[in-house]
Amino acid sequence: MKTVSLVLWSVGLVLQLTLLTMLFVRRAARRVPIFTILIAFYIARSVALFVLPGAISHAAYASLYENLGLADTVLQIGVAIEIAVTALREYDTWSRERIVKIAFLMMAGVVAALFVAILLPSRGRAPIDRGTVFPAILMVLLFLWMAIARLGGPSRRIVEGFAAYGVVAIAANVVRNQAALDRSGRWYLAGSYAQSGMYLLVVLYWILTVGREPSPAAQRQKAKQMRRQARISATVRAAGTSKR
């Protein structure tokens, strides 16, 4: 089991370092700075939690783990806000009324996600990790909004990854909780490995997609340039024909 965990940790670290590098190489870090910070945070957290267990006390490690989990939740919320704002900014052709309606729906989604997370038990034999559930629901709702509104670009790819991971993370949490009640170590490990494996797939998906396609604003600008060039070419051809 330790070998599997070490392999997952090593592969995850390599993939995250690759993603962070790609964000800068493809100049995507400027468009999604909070997401870039989150990936850098994940790398630092992964190394710290792997190295520190033998160097600090159990109580200090538990406190560090809890504080890092809180920082993770805050950063994920920041990423959700960043993506929503970026999407609204890139689709500047929308009316103000439509933007207000979308903002209201997004706020309602945040309240709904928070309400669900608060209702979940955080103590007892089978506690639910609210820090996992709240951002997961938030990302799923954000993905549904972007899918319905047909929004694309790098932001959509980031949300797709978070939404897919969030669904698996919630399911894995439920499996682990049931395994704890049944005292089943096999199912507990299965839930943990499924969540870790899904995260690796999501990071790989981000490596392959984020930054490779232009933003919607860049696509519109390119389309305008092509139309302008087409009009100029048509004018030149028409002038040439009239001279003849």
From the option list SER63, SER5, single residue qualifying as surrounded by 14 or more Cβ atoms within 10 Å (Cβ to Cβ), assigned to a helix (DSSP H, G or I) and either on the phi > 0 side of the Ramachandran plot or not acidic (Asp, Glu) (or both) is SER5
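This table checks each residue for (1) modelled with pLDDT under 70; (2) surrounded by 11 or more Cβ atoms within 10 Å (Cβ to Cβ); (3) of a type in the set (Ser, Thr, Tyr).
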position: LEU52; (1), (2), (3): no, yes, no
position: THR73; (1), (2), (3): no, yes, yes
position: PHE104; (1), (2), (3): yes, no, no
position: VAL111; (1), (2), (3): no, no, no
Check on LEU151, modelled with pLDDT under 85 and under 30 Å from LEU19 (Cβ atoms): yes
Counting only residues in segment 142-192 that are exposed (fewer than 15 other Cβ atoms within 10 Å of the Cβ) and among the charged types (D, E, K, R), the one nearest to ARG31 (Cα to Cα) is identified as ARG150
Somewhere in segment 90-102, is a residue within 23 Å of ASN67 (Cα to Cα), hydrophobic (A, V, I, L, M, F, W, C), modelled with pLDDT under 80 and surrounded by 13 or more Cβ atoms within 10 Å (Cβ to Cβ)? no
Can you say whether ALA28 is at pLDDT below 90 and crowded, with 16+ Cβ neighbours inside 10 Å, as far as the supplied structure shows? yes
Looking at segment 8-60, which of its residues are of a type outside the set (A, V, I, L, M, F, W, C) and assigned to a loop (DSSP other than H, G, I, E, B)? ARG26, ARG27, ARG30, ARG31, SER57
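The values are calculated or read from the model by the stated rules, or taken from the named source; none is laboratory data. Since the structure is predicted, the reported quantities are computational estimates derived from the model, not experimental observations. For neighbour counting, all protein chains shown are included, and Cβ atoms are generated from backbone atoms with ideal geometry for every residue, glycine included.
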